[in-house]
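The block underneath contains the structure these notes are about, expressed in structure tokens.
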Amino acid sequence: MDENGIRALAIASQDAHAAFGGVVPEIAAREHIRSLDAMVRHAMREAEVGHEDIAGVGVTAGPGLVGALLAGVNWAKAYAFARGLPLLGVHHMEGHLFGTALEHDGAHPPFIGLLVSGGHTLLLEARAWGRYRLLGQTRDDAAGEAFDKVARRLGLPYPGGPQIQRAAERSAAARSAAAGGAAGRFRLPRPMLSRRDRPGDPAYYDMSFSGLKTAVARIAEQLEEEGGLAGAVDDLAAEFQEAVVDVLAEKTRRAVEQTGCRRVVLGGGVARNSRLREGLAERLGSSGELYAPSPRLATDNAAMIAAAARFRLARGERSPWSLNAEAALAFPGLA
Ligand code: KG4
Ligand code: ZN
């Protein structure tokens with residue numbers, strides 16, 4: 001068992017998607033079916049547990065690609081039914097909150113949750129585990145999706161998030177070598193961020209990243225016409241990352257100020273972005289405490305789903321055998 005109470009954490013990455021520049025739903029579903037059984041056996045061996053040690057089966061029921069979700073839900077149903085165990089369908093994004101909590105004792109409600117993944121961007125207030133108030137969300141692209149799309153437009157490989165971060169780091173290194181030479185070369189908008197926003201307006205917490213992607217594309221196009229995109233990719237990536245971080249950090253700061261919740265729990269794949277963690281910490285200053293996941297638990301993983309399922313199991317919840325995979329499953333416990 002590790003220091004977070006995780007006995008084993010098996011991850012099967014699907015490299016097959018990279019060649020297509022994104023996740024191919026059909027391949028994802030088939031790979032899940034192919035690897036699930038062996039993965040569970042592998043994890044149980046590593047954890048040194050037998051079937052009789054299992055108290056319940058947690059599984060992601062949504063949201064996401066329905067084919068991949070169905071593979072997991074059906075496997076979990078079959079296993080739980082055969083062993084007479086409780087089945088617990090988990091919401092993927094609630095899982096991300098539990099993922100961060102696994103690593104930090106301080107990450108307990110009440111807190112402000114900032115969830116940033118490839119499919120979702122949510123700002124919420126957690127009053128208790130399982131009881132949430134949605135403050136804001138993206139009106140179009142998720143933050144991770146914007147990273148991936150911008151990376152693609154700049155000719156960087158999939159997944160784009162880590163590539164943008166690396167390009168931004170190169171830009172910062174070049175800038176400090178040139179003593180500030182390239183600073184401010186590009187300036188992108190900060191969508192839905194205005195000093196005129198007032199608490200109570202939906203725009204106070206909502207976000208939008210699609211226009212940012214378009215703004216990058218417009219600059220890229222112009223640079224291509226001038227024959228100079230390659231030399232500008234790092235600086236453009238850096239400014240894009242700054243814009244996303246500015247928006248996310250300021251919306252989160254507002255939430256802390258308005259709710260009086262000091263603790264901020266960050267979750268989702270984009271939480272791997274070190275500039276985001278830095279920007280949040282800077283913006284919160286001494287008015288908030290930031291709890292961010294390590295890269296291992298920021299990225300989609302089964303430990304976070306198990307943690308969310310354990311909470312619901314302890315409360316006596318059970319999912320019915322008719323549990324279905326839902327592509328657009330609603331966040332649970334919203335007031
Ligand atoms: O939560 P996650 O692993 O899967 C989903 O639930 O979507 O998040 C994946 C997303 C991708 O869009 C990926 O580009 C982004 O997280 N990501 C990053 C970084 N590492 C992963 N985005 C920005 N900076 C990173 N270092
Ligand atoms: Zn995720």
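The values are calculated or read from the model by the stated rules, or taken from the named source; none is laboratory data. None of these values were measured; they are calculated from a predicted model. We place every Cβ from the backbone using ideal geometry, glycine too, and count neighbours over all the protein chains shown. With ligands, DNA and RNA removed, areas are computed over all heavy atoms of the protein, side chains included. Shrake-Rupley method; radii C 1.70, N 1.55, O 1.52, S 1.80 Å.
Of note:
- Region 193-287 - percent of accessible surface contributed by carbon and sulfur, probe 1.4 Å: 44
- The length gained by stretching the chain between residue 210 and residue 314 to full extension, at 0.36 nm per residue less their Cα-Cα distance, is 33.4 nm.
- Positive dipole terminus of the chain, leading residue within 228, 333, 319 (C-beta point charges): 333
- Hypothetical label at residue 14: residues of region 86-101 whose amide nitrogen lies under 18 Å (7 Å Cα-Cβ projection): 92-93
- Degrees, to the nearest 10: 66-83 long Cα axis against longest axis of the chain: 20
- Computed with a 1.4 Å probe over protein heavy atoms only, the accessible surface of the chain comes to 47 Å² per residue.
- Between the beta carbons of residue 42 and residue 224, assuming R0 = 51 Å, the FRET efficiency works out to 0.65 to the nearest 0.05.
- Under the simplified labelling scheme, the residue 326-residue 174 pair shows an inter-label distance of 4.7 nm, with each label point 7 Å from Cα along Cα→Cβ.
- Between helix 92-103 and the chain: long-axis angle, C-alpha atoms, 0 to 90°, nearest 10: 90
- Given charges at beta-carbon only (K, R positive; D, E negative), |dipole| of region 13-172 in Debye: 380
- Computed magnitude of the charge dipole of region 85-233 (debye, nearest 20; Cβ of K, R +1, Cβ of D, E -1): 380
- Modelled FRET efficiency - R0 51 Å, residue 4 with residue 26, Cβ distances, 0.05 increments: 0.90
- Loop-exposed trypsin sites (Lys or Arg not before Pro) per DSSP, neighbour cap 11 Cβ within 10 angstrom, longest uninterrupted part of the chain: 1-186
- Mean residue ellipticity at 222 nm, helices only, the chain: -15000 deg cm²/dmol; runs of at least 4 DSSP H residues each add -39,500 (n - 2.57), and the sum is divided by the number of residues.
- Positive-end extreme of charge dipole, the chain - chosen from 255, 219, 33 (charges on Cβ): 255
- Under 5 Å, built H, 5+ apart or other chain: amide partners of residue 113: 124, 125, 126, 265
- Helix 25-47 and the longest principal axis of the C-alpha atoms of the chain enclose an angle of approximately 60°.
- Net charge of the neighbourhood of residue 210, taken over other residues with C-beta under 12 Å away and scored Lys/Arg +1, Asp/Glu -1, is 0.
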